[in-house]
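Engineer: After the C-alpha cells below, expect a handful of questions from me.
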Amino acid sequence: GEDVEQSLFLSVREGDSSVINCTYTDSSSTYLYWYKQEPGAGLQLLTYIFSNMDMKQDQRLTVLLNKKDKHLSLRIADTQTGDSAIYFCAERANQGGKLIFGQGTELSVKP
Amino acid sequence: GAVVSQHPSWVICKSGTSVKIECRSLDFQATTMFWYRQFPKQSLMLMATSNEGSKATYEQGVEKDKFLINHASLTLSTLTVTSAHPEDSSFYICSAIGGGPTNTQYFGPGTRLTVL
C-alpha cells in the first residue's frame, strides 16, 4: 500500500540550512507536497512538485525529487527561528485527490 | 487566495452532547472537502471525503453515525460529532480542493474539541 516516511526530529542553528527528507512508496504519485504546521494551527501549504520535475525552487525553499529512489527533500536556506514547526510531506493518491501524509518532522531552530 | 476557515476554533462540551464544526472555503468553490483528525504529536488521520450534494465517503474504522458530515454547498461542509465522549477529544482539521490541474488541498486552521 501507499506509505510515506519521514524522520521525526531535526535540530539546526539559526542561519544554517535545514534539509528535511521524505520517502514514499507509490510510484504513480503525480504531485508531492510540503506543508508546515505551527502549534495549534492548521497546515500551511509551502510548496509542491509535479512528478516529472527534479527540482523546484521558491525563495528560501528548494525541493528535490528523486523519482527513481522515491525520495523527496525540502531544503530551507538561512533557517530562522520562525521556521520552527512540524513539516509534513504528502503524496497525492490516485483516487479523488486524497493525500497520504508522512508522520511529520519537527524542526527546531536554535538561536 | 485559497483560504479555508473553520468555526469554532475551539469548543468544550459535556459528554453526551453533539457538536457541529463548520468548514468554509472563503474565496473559491470547493468541489471536495476532507475531514481529518489529529492527535498530539501525530500525523493527520483522514476521516472522510465529502463532495457537494452527495454522501460522504468514510475511511475504514470511522463511524458514520458518530461523525455526521454534510456538504450542503460548494463553500460549506459541516462535521457533527454526535453524543460526544472524552475519547472524541481531538484536533479536527478540514481541507478543501478548488479544482484546477493540481487539485491542491488547502487546510483550515483546525478546531480543538474537548469533551468533559
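The values are calculated or read from the model by the stated rules, or taken from the named source; none is laboratory data. Note that the structure is predicted; figures quoted are calculated from it, not measured. Ideal geometry is used to build each Cβ from the backbone, glycine not excepted, and the neighbour counts take in all protein chains shown.
Engineer: One residue is enough: does segment A:35-43 have a residue meeting the conditions out of contact with any strand residue (DSSP E or B) (no Cβ under 8 Å at 6 or more places or on another chain), among the small types (Gly, Ala, Ser) and surrounded by 14 or more Cβ atoms within 10 Å (Cβ to Cβ)?
Structural biologist: Yes, because at least one residue in segment A:35-43 is out of contact with any strand residue (DSSP E or B) (no Cβ under 8 Å at 6 or more places or on another chain), among the small types (Gly, Ala, Ser) and surrounded by 14 or more Cβ atoms within 10 Å (Cβ to Cβ).
Engineer: Which residue is nearest to residue B:33 (Cα to Cα), if the candidates are limited to segment B:71-106 and must be within 14 Å of chain A (Cβ to nearest Cβ), among the β-branched types (Val, Ile, Thr) and crowded, with 20+ Cβ neighbours inside 10 Å?
Structural biologist: Among residues in segment B:71-106 that are within 14 Å of chain A (Cβ to nearest Cβ), among the β-branched types (Val, Ile, Thr) and crowded, with 20+ Cβ neighbours inside 10 Å, the one nearest to residue B:33 (Cα to Cα) is B:97.
Engineer: Could you list, in sequence order, all residues of segment B:25-46 that are farther than 14 Å from residue B:110 by Cα and either under 13 Å from the mean Cα position of the chain (by Cα) or modelled with pLDDT of 95 or more (or both)?
Structural biologist: To start, the set of residues in segment B:25-46 that are farther than 14 Å from residue B:110 by Cα comprises B:26-32, B:41-42.
Correct list: B:32 only.
Engineer: While we're here: Please count how many residues of segment A:58-71 are more than 13 Å from the chain's Cα centre (by Cα) and either assigned to a strand (DSSP E or B) or over 19 Å from residue A:4 (Cα atoms) (or both).
Structural biologist: Residues meeting the conditions: 4.
Engineer: For segment B:71-109, which residues satisfy the criterion of being small (Gly, Ala, Ser) and part of a strand (DSSP E or B)? So that I can check it myself, show each step before the final result.
Structural biologist: Residues of segment B:71-109 that are small (Gly, Ala, Ser), as a first pass: B:72-73, B:77, B:83-84, B:89-90, B:95-96, B:98-100, B:108.
Within segment B:71-109, B:72, B:73, B:77, B:90, B:95, B:96 qualify.
Engineer: List pairs: first residue in segment A:59-87 and more than 21 Å from residue A:38 (Cβ to Cβ) and of a type outside the set (Asp, Glu), second residue modelled with pLDDT under 95 and not in a strand (DSSP E or B) anywhere in the structure, Cβ distance under 6 angstrom, at least six positions apart or on different chains.
Structural biologist: Qualifying pairs under 6 Å: A:65/A:54.
Engineer: Go over the candidates A:63, A:109 one by one and state the one that is surrounded by 17 or more Cβ atoms within 10 Å (Cβ to Cβ), among the aliphatic types (A, V, I, L, M), more than 11 Å from every other protein chain (Cβ to nearest Cβ) and farther than 27 Å from residue B:98 by Cα. Even if it seems obvious, please write down each step before you answer.
Structural biologist: On the way: A:63 fails: farther than 27 Å from residue B:98 by Cα.
After applying the criteria, what remains is A:109.
Engineer: May I pose another question? Given (1) within 13 Å of chain A (Cβ to nearest Cβ); (2) surrounded by fewer than 19 Cβ atoms within 10 Å (Cβ to Cβ); (3) within 10 Å of the chain's Cα centre (by Cα); (4) not aromatic (Phe, Trp, Tyr), identify the lone condition not met by residue B:22.
Structural biologist: Single failed check for residue B:22: (1).
Engineer: List the number of the failed condition for residue B:47; all other conditions in (1) more than 9 Å from chain A (Cβ to nearest Cβ); (2) out of contact with any Ser or Thr (no Cβ under 9 Å at 6 or more places or on another chain); (3) in contact (Cβ under 8 Å) with a residue 60 or more places away in the chain; (4) surrounded by 13 or more Cβ atoms within 10 Å (Cβ to Cβ) hold.
Structural biologist: (3)
Engineer: Further, regarding this structure: When you scan segment B:53-60, do you find a residue that is under 27 Å from residue A:87 (Cβ atoms), modelled with pLDDT under 90, assigned to a loop (DSSP other than H, G, I, E, B) and within 12 Å of chain A (Cβ to nearest Cβ), even just one?
Structural biologist: No, segment B:53-60 has no match at all.
Engineer: In segment A:22-34, which residue that is of a type outside the set (S, T, N, Q) and at the interface with another protein chain (Cβ under 10 Å from one of its Cβ atoms) is surrounded by the fewest Cβ atoms within 10 Å (Cβ to Cβ)? Lay out the reasoning, then the answer.
Structural biologist: Residues of segment A:22-34 of a type outside the set (S, T, N, Q): A:22, A:24, A:26, A:31-34.
Next, from what is left, pick out any that are at the interface with another protein chain (Cβ under 10 Å from one of its Cβ atoms): A:31, A:33.
Numbers: A:31: 17, A:33: 22.
Selected residue: A:31.
Engineer: Please work out if residue A:57 is within 13 Å of chain B (Cβ to nearest Cβ) and either out of contact with any Cys (no Cβ under 6 Å at 6 or more places or on another chain) or of a type in the set (Ser, Thr, Tyr) (or both).
Structural biologist: Values: within 13 Å of chain B (Cβ to nearest Cβ): no; either out of contact with any Cys (no Cβ under 6 Å at 6 or more places or on another chain) or of a type in the set (Ser, Thr, Tyr) (or both): yes.
No: the conditions fail for residue A:57.
Engineer: Could you check how many residues of segment A:2-22 are part of a strand (DSSP E or B) and closer than 24 Å to residue A:91 by Cα? Full working, then the answer.
Structural biologist: Here is the first cut: in segment A:2-22, the residues part of a strand (DSSP E or B) are A:4-6, A:9-13, A:18-22.
Going one step further and asking which of them are closer than 24 Å to residue A:91 by Cα, we end up with A:4-6, A:9-10, A:18-22.
Result for segment A:2-22: 10.
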